[in-house]
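The next block holds one structure in the form of structure tokens; read it before the comments.
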Amino acid sequence: MTPEPRLTAQRLRTSVQETLDEFLAEQAQILSDISPDLAPFTEWLGELLAGGKRLRPAFCMWGYLGAGGQDIEPALRAAASLELLQACALVHDDVMDDSDMRRGKPAAHRRFATAHRGEGWAGDAERFGESSAILLGDLCLSWADEMLLRCGFGPDELGRAKGVYDRMRTELMAGQFLDLLEQARGGGSVERALLVVRYKSAKYTIERPLHLGAALAGADSHVMETMSDYGLPLGEAFQLRDDVLGVFGDPAETGKPAGDDLREGKRTLLVATAVQRASKEQAFHLREGLGDPHLTAQAIDELRKIIIATGALDEVEFLISERTDQALAALAAAELDADARTALSELAVAATARSL
């Protein structure tokens, strides 16, 4: 009989959710003791944290187990802290992108603005919503630290992990700024778009969570390099798939309106490639449409047709396949046990093969 794997996907999802629920209940009590007006922070955050694919915790756990880690319970709590870091990024990202929806529900800043208008409070509702969401994101960042440091590992393990964690947060914020800078410059640079892909998402989605888990297990530099060989190209493939879904994805799958990235004017690699390859007329229509919040469904469809006609979609799909293959080749060559190899192979599919 084949032995049960050390960690199933269902156990990971259940444990992460339970850890987050317990932690938020504690924080809700702390906030309630300050003022009942703070209830929306944990109520709305609880809804946001109830969704998602748990990719970062999964990569963290298999980084830990793949590097020889044995103590699963504190590792699961450490991995769950990455969901709070992700929540910080999502809440702040929605403010910066002026997004309306997140996972099929109003974004945090929209919720706070709606509450402001509903109560008839003084001042600008949108400004209140954005300011409140920034504070919620800051709380998530602080709470991610708190959850990691209280996960149950000793000072030696936490000392090793904290260096990875600090680097990951720095890279994430740097990537967010580079993304903003690319929007301000009007995009068009394939090289800069790839740099944003790497630092805004690829590293902190896959490579650094793997490193965090491996560091908790006491991994040496060779294991860390192996994790990078697999994690970095896969992280880039993940973000490139996300960029494709932002333009061509089904709202029922993405939780955001169709073509929302076009309305927001995101200068992704997909868009940069399309602009670079476009005819003069195509480039004009792309630049006119990108960033127009009032784009109609018909206008979005026209922009999609241009992106396809330039070959940009095919190019990005090729890059997704190329980087995924590179990651899987690195995984095949890695010195990992069968459980870790199987789990990381399945995660590669989950991260990149999401349907349009």
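The values are calculated or read from the model by the stated rules, or taken from the named source; none is laboratory data. The structure displayed is predicted, hence computed values, not measured ones. Heads up, the Cβs are rebuilt from the backbone with ideal geometry, glycines too, and the neighbour counts pull from every protein chain shown.
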Original post:
Would it be correct to say that Gly259 is in the same structural domain as Gly186 (by TED's automatic domain parsing), of a type outside the set (Asp, Glu), under 23 Å from Val95 (Cα atoms) and surrounded by fewer than 22 Cβ atoms within 10 Å (Cβ to Cβ)?
Top reply: no
Subject >> Hits in segment 95-108 (condition: surrounded by fewer than 23 Cβ atoms within 10 Å (Cβ to Cβ) and either modelled with pLDDT of 95 or more or not aliphatic (A, V, I, L, M) (or both)) >> reply: Val95, Asp97, Asp98, Ser99, Asp100, Arg102, Arg103, Gly104, Lys105, Pro106
Original post:
Looking at (1) buried (at least 21 other Cβ atoms within 10 Å of the Cβ); (2) closer than 26 Å to Met101 by Cβ; (3) of a type in the set (A, V, I, L, M, F, W, C), which is the only condition Ile308 fails?
Top reply: (1)
**OP:** Check Ser81, Ser32 and return the single one that is over 21 Å from Phe112 (Cα atoms) and among the hydroxyl-bearing types (Ser, Thr, Tyr).
**Re:** Ser81
Original post:
Just a yes or no: is a residue in segment 139-150 of a type outside the set (Ser, Thr, Tyr) and assigned to a loop (DSSP other than H, G, I, E, B)?
Top reply: yes
Original post:
Among the numbered criteria (1) modelled with pLDDT under 95; (2) closer than 22 Å to Glu253 by Cα; (3) of a type outside the set (Ser, Thr, Tyr); (4) exposed (fewer than 15 other Cβ atoms within 10 Å of the Cβ), which single criterion is violated by Lys266?
Top reply: (4)
